[in-house]
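Written out below as structure tokens is the structure these notes cover.
Quick note: the coordinates plus some simple rules give every number you see, no bench work behind them. From a predicted model like this one, the values you see are computed outputs, not experimental measurements. Neighbour counts are summed over all protein chains in view; Cβ atoms, including those assigned to glycine, are modelled from backbone coordinates with ideal geometry.
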Amino acid sequence: MSELFDFQVAGLPMHVLLVHVVVVGVPLLALLLVVLAAWPAARRVLWIPALIGAVVLLGLTWLTVEAGEWLVERVPETPLIEEHADQGDDILPWVFALVAVAVLIGALAVVERRAAHRATDAEVAAAR
């Protein structure tokens, strides 16, 4: 895809801009998912934003990697750039894993909500 698209914004390589979103977003999402896994009250409220954030971050991570590959073709090769490019390839599976964890947390939240509704329905039926 990098040969089909010009990864620049106002003359700046898009990778330079997007990499900061990924570098900050991945650890923040991981921390949020740990909180949601451990705290049911937060999970009830924040599982949907966490899932949306995980999917958006996955797209931004993929776009950042593509923009990085585009940029690598336009700068002189150095060992540091090669190492950085390898790190970019390594992060995608981790972000996929975060999306999977977000889906599992969302599923847990839905199961908990249904169980709470069943318990409430049973209490109402018993009170009649």
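Each other residue within a Cβ distance under 14 Å of ARG44 adds +1 if Lys or Arg and -1 if Asp or Glu, for a net charge of +2.
Diffusion coefficient (Stokes-Einstein, Kirkwood radius over C-alpha pairs, 20 °C, 1.002 mPa s) for the chain: 126 µm²/s, rounded to a whole number. Among TRP47, PRO93, PRO13, whose Cα sits farthest toward the positive end of the charge dipole of the range 8-127 (+1 at Cβ of Lys/Arg, -1 at Cβ of Asp/Glu, about the Cα centre)? It is TRP47. Evaluated with a Cβ-only charge set (Lys, Arg +1; Asp, Glu -1), the range 20-128 carries a dipole of roughly 1140 debye about its Cα centre, given to the nearest 20.
Dividing the summed helix terms, -39500 (n - 2.57) for each DSSP H run of n ≥ 4, by the number of residues in the chain produces a 222 nm estimate of -30500 deg cm²/dmol to the nearest 500.
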